[in-house]
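Before any comments, here is the structure.
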Amino acid sequence: MNKLLRRRLLVCVSALALGFGVARPAAAQLGGQQAFSFLNLPPSAKLAGLGATNVSSRDADGTMLYANPALLNAEMDGRLTLGFVDFLADIKQSTATYVFNTQKAGRIGVGLTYLSYGKFEQLDPAGNSLGEFSVNDYALSVSDAYTSGNFILGATAKLAVSGIAGNHSVATLADVGALFKHPSQDFNVGLTVRNVGYQLKPFAGADREPMPLDVAIGTSFKPEHMPLRISITAHHLQQFDIVYLDPTVRGQLGEDGEEIKPKKSFGDKLARHFVVGGEFILGKSLNVRLGYNHMMRRELRLENTSGGAGLSFGLMLRLSEFQLDYTRAYYHPAGAANYFTVARNLDSLFKKKGGN
């Protein structure tokens with residue numbers, strides 16, 4: 001291992017250690033405690049189809065750099081990937097990713113994601129309309145990855161902006177990741193620390209808020225002679241108790257007429273950290289995906305029913321030079337989000353034109 005690679009390894013290991021060290025939140029719940037939480041949303045059909053969190057599934061899908069920059073690989077070179085998400089109501093998300101390889105700087109991935117929450121009516125204290133305003137988030141990212149034997153190290157630098165009616169907040173963040181790829185088998189282990197950063201500019205009149213840190217580890221493996229790749233991912237490892245009990249929800253009444261308040265169990269605390277995904281490989285041109293996110297199911301269920309919350313189903317189809325991905329992810333019993341992703345290798349396209 002040369003000196004330059006050793007220095008890069010030291011930087012990545014130090015950043016991973018920093019991610020564990022700075023993650024000491026006092027509250028149990030995650031929602032509402034951090035700014036720029038949109039950075040933890042899956043921006044692509046593949047990520048959503050595997051349960052919204054995955055740090056180890058390695059293929060030609062360039063959007064996986066959002067999950068772990070160490071997943072950058074040669075199959076992504078020259079590929080432009082465009083994604084669109086139709087969330088509930090008028091919320092829409094668009095993503096663009098391009099990956100290319102360089103001799104000196106390693107493999108580079110650039111990405112832009114934009115999330116629009118739609119239009120809202122602005123009212124004065126008397127209830128008179130003052131027109132409409134928009135709410136949106138977007139982030140620009142640059143990722144770099146290096147390979148040494150069976151190990152890949154990656155890092156991402158991000159600039160994130162949130163806007164509400166002309167009032168903006170700005171933050172700079174970083175992701176670091178590592179991946180072990182078995183030399184002969186379809187077996188990967190990934191580790192990431194995502195969204196370590198600082199809010200450069202809070203919203204006017206607001207204090208600075210913490211970033212949506214997520215420390216995750218996971219594995220993807222395909223048993224020999226089986227057309228199934230399984231992924232298991234553990235997320236938010238920086239904090240064991242991520243269970244939130246809504247204080248406004250009343251518990252059942254006991255025999256003595258007293259309210260029995262719900263309690264946190266060790267099993268629920270543990271299970272909320274895990275996401276399970278599967279890819280049925282039906283050929284080089286067709287994959288079927290499914291995922292289950294236990295935290296999402298528990299937090300987004302209704303009092304009496306869960307419906308499909310936490311479940312996702314998707315497929316990948318290759319047609320000629322295009323790769324098409326679609327996922328339907330259920331976030332709530334009342335509805336689901338639709339993910340669309342299309343990818344194309346631009347290098348081969350330009351080479352064909354040049355040859356003509």
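The table below gives the values:
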| read-out | value |
| --- | --- |
| Matching option when the condition is charged (D, E, K, R), within 21 Å of the chain's Cα centre (by Cα) and more than 16 Å from T192 (Cβ to Cβ), among D137, D144, D124 | D137 |
| Test: residue in region 165-183 that is farther than 25 Å from N40 by Cα, surrounded by fewer than 21 Cβ atoms within 10 Å (Cβ to Cβ) and out of contact with any Leu (no Cβ under 6 Å at 6 or more places or on another chain) | yes |
| Single condition A89 does not satisfy, out of (1) buried (at least 24 other Cβ atoms within 10 Å of the Cβ); (2) closer than 20 Å to G310 by Cα; (3) over 14 Å from the mean Cα position of the chain (by Cα) | (1) |
| Subset of region 39-54 that is part of a loop (DSSP other than H, G, I, E, B) and on the phi < 0 side of the Ramachandran plot - its residue that is surrounded by the most Cβ atoms within 10 Å (Cβ to Cβ) | L50 |
| One residue from G49, G32, G78 being modelled with pLDDT under 85 and of a type in the set (G, A, S) | G32 |
| Selection count where residues are free of Cβ contacts under 8 Å to residues at least 24 places away in the same chain and either touching a Pro at 6+ places or on another chain (Cβ under 8 Å) or surrounded by 21 or more Cβ atoms within 10 Å (Cβ to Cβ) (or both), scope region 311-338 | 1 |
| All positions within region 213-225 that are surrounded by fewer than 22 Cβ atoms within 10 Å (Cβ to Cβ) and under 24 Å from the mean Cα position of the chain (by Cα) | V215, I217, T219, F221, K222 |
| Residue check, L315 at pLDDT 85 or above and part of a helix (DSSP H, G or I) | no |
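Here's the yes/no breakdown for (1) small (G, A, S); (2) modelled with pLDDT under 95; (3) part of a strand (DSSP E or B):
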| position | (1), (2), (3) |
| --- | --- |
| G127 | yes, yes, no |
| E132 | no, yes, yes |
| V135 | no, yes, yes |
| V142 | no, no, yes |
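The values are calculated or read from the model by the stated rules, or taken from the named source; none is laboratory data. In this text, all values refer to a predicted model and were calculated from it rather than measured experimentally. Positions of Cβ are backbone-derived with ideal geometry, glycine not excepted, and every protein chain shown enters the neighbour counts.
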